[in-house]
Amino acid sequence: MRLARFGIFALLALPLALSACVDGVNGSVDVPAGTSVTDASTVNGSVHVEAKAKADKASTVNGSVELADGAQVGEVSTVNGHVTLGQHASVGSISTVNGAVTLETGATASGKLTVVNGAISLASASSVAGALTGVNGKISIDSAHVGGGITTANGDIDITGNAVVDGGIKVVKPDEKGFFGIHFDDNKVPTITVGPGATVNGALDFERPVKLYVSDQAHVAGPITGATAVEFSGATPPAS
């Protein structure tokens with residue numbers, strides 16, 4: 001009798017267990033507004049987490065991952081596709097290989113953000129608490145906060161408004177194996193701009209040639225190695 005009751009309970013609970021996981025192979029996956037799932041994943045398709053919905057994980061291989069305003073996800077990843085966090089959305093970590101990452105106003109990442117081929121854009125009042133790493137692609141920090149420093153190999157960096165970057169800036173020169181195993185044209189000279197009102201706390205370390213512009217209204221608290229800063233007045237540096 002007790003076994004029979006357990007079997008009935010298991011059958012009743014099965015739909016609930018299945019509803020906690022939304023996944024597929026070919027096609028997009030949607031997490032409806034206000035709902036909560038453990039895993040929202042697909043292979044060929046995008047993942048959409050609607051307003052104030054929650055997921056422990058949102059991932060795809062070929063497709064984008066998009067979080068609407070106020071959505072919460074633990075881990076976000078894709079291989080070929082962009083990642084967008086709507087206003088005040090929050091995640092743990094973000095990673096993509098081929099695709100841009102955009103954090104809209106007030107969006108937050110409590111961990112690290114890693115991109116290989118794609119631009120990174122942080123809007124006003126957004127933040128990345130961990131390390132922000134790119135390889136190819138412009139990095140734009142506009143009145144936002146980065147807690148674990150910025151590292152790139154071949155991308156321009158533009159820090160504007162009242163942005164704060166803790167942990168410094170590093171531009172690396174890849175070895176023969178490349179950076180993250182990715183090879184690129186290292187003849188391009190990255191441009192690093194610290195605009196008026198912006199703050200960088202930590203060392204600015206450049207392992208390869210860069211063009212470094214620092215506003216006379218910016219604050220850089222740390223040594224600069226591998227480059228000579230060109231100070232400028234006004235909103236933007238002089239045309240090179």
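The values are calculated or read from the model by the stated rules, or taken from the named source; none is laboratory data. Fair warning: this is a prediction, and the values are worked out from it, not measured in the lab. Here the Cβ positions follow ideal geometry from the backbone for every residue, glycine too, while neighbour counts run over all protein chains shown.
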* Structure fact -> Note: among Ala89, Ala125, Ala71, just one is out of contact with any strand residue (DSSP E or B) (no Cβ under 8 Å at 6 or more places or on another chain), over 21 Å from Thr152 (Cβ atoms) and of a type outside the set (D, E, K, R), namely Ala125
* How many residues are farther than 19 Å from Asn201 by Cα and hydrophobic (A, V, I, L, M, F, W, C) when one looks only at segment 114-151? -> 6
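Every residue, every condition in (1) crowded, with 18+ Cβ neighbours inside 10 Å; (2) of a type outside the set (Asp, Glu); (3) at pLDDT 95 or above, yes or no:
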residue	(1), (2), (3)
Ser36	no, yes, yes
Ser41	yes, yes, yes
Ser46	yes, yes, yes
Thr60	yes, yes, yes
Gly81	yes, yes, yes
Ser90	yes, yes, yes
Gly99	yes, yes, yes
Glu104	yes, no, yes
Ser110	no, yes, yes
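Just checking, which of Val135, Val164 is of a type in the set (A, V, I, L, M, F, W, C), within 17 Å of Ser110 (Cβ to Cβ) and touching a residue at least 24 places away in the same chain (Cβ under 8 Å)? Steps first, answer last, please.
On the way: Val135 fails: within 17 Å of Ser110 (Cβ to Cβ).
The conditions single out Val164.
Confirm whether Val146 is within 23 Å of Thr193 (Cα to Cα) and at pLDDT 95 or above. Lay out the reasoning, then the answer.
Values: within 23 Å of Thr193 (Cα to Cα): yes; at pLDDT 95 or above: yes.
It is true that Val146 is within 23 Å of Thr193 (Cα to Cα) and at pLDDT 95 or above.
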* To do: List every residue pair whose Cβ atoms lie under 7 Å apart, where the two residues are 6 or more positions apart in sequence or sit on different chains, the first residue falls within segment 219-237 and is touching a residue at least 24 places away in the same chain (Cβ under 8 Å) and within 21 Å of Gly197 (Cβ to Cβ), and the second residue, located anywhere, is of a type in the set (Gly, Ala, Ser) and surrounded by 14 or more Cβ atoms within 10 Å (Cβ to Cβ).
  => Gly222/Gly168; Gly222/Gly202; Gly222/Ala203
* What tally of residues in segment 24-34 results from selecting those that are outside any loop (DSSP other than H, G, I, E, B) and at pLDDT below 95? -> 1
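Tally the residues that are assigned to a strand (DSSP E or B) and among the hydroxyl-bearing types (Ser, Thr, Tyr), restricting the search to segment 196-238.
Let us first name the residues in segment 196-238 that are assigned to a strand (DSSP E or B), namely 199-201, 204-206, 211-215, 219-221, 224-225, 230-232.
Now restrict to residues that are among the hydroxyl-bearing types (Ser, Thr, Tyr): 199, 213, 215, 225.
The total comes to 4.
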* Asked: What number of residues within segment 48-58 are crowded, with 18+ Cβ neighbours inside 10 Å and either of a type in the set (Lys, Arg) or not in a strand (DSSP E or B) (or both)?
  -> 4
* Could you pull out every one of the strands (runs of 3 or more DSSP E) wholly within segment 65-148 that has 2 or more residues that are among the hydrophobic types (A, V, I, L, M, F, W, C) and either in contact with a helix residue (DSSP H, G or I) (Cβ under 6 Å, 6 or more places away or on another chain) or farther than 26 Å from Val29 by Cα (or both)? => 139-142
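If you take the residues in segment 125-175 that are polar (S, T, N, Q) and over 16 Å from the mean Cα position of the chain (by Cα), which one is surrounded by the fewest Cβ atoms within 10 Å (Cβ to Cβ)? Break it down into steps so the answer makes sense when it comes.
To start, the set of residues in segment 125-175 that are polar (S, T, N, Q) comprises 126-127, 133, 136, 140, 143, 151-152, 154, 160, 162.
Now restrict to residues that are over 16 Å from the mean Cα position of the chain (by Cα): 154, 160, 162.
Values: Asn154: 23, Thr160: 20, Asn162: 15.
For segment 125-175, the residue satisfying everything is Asn162.
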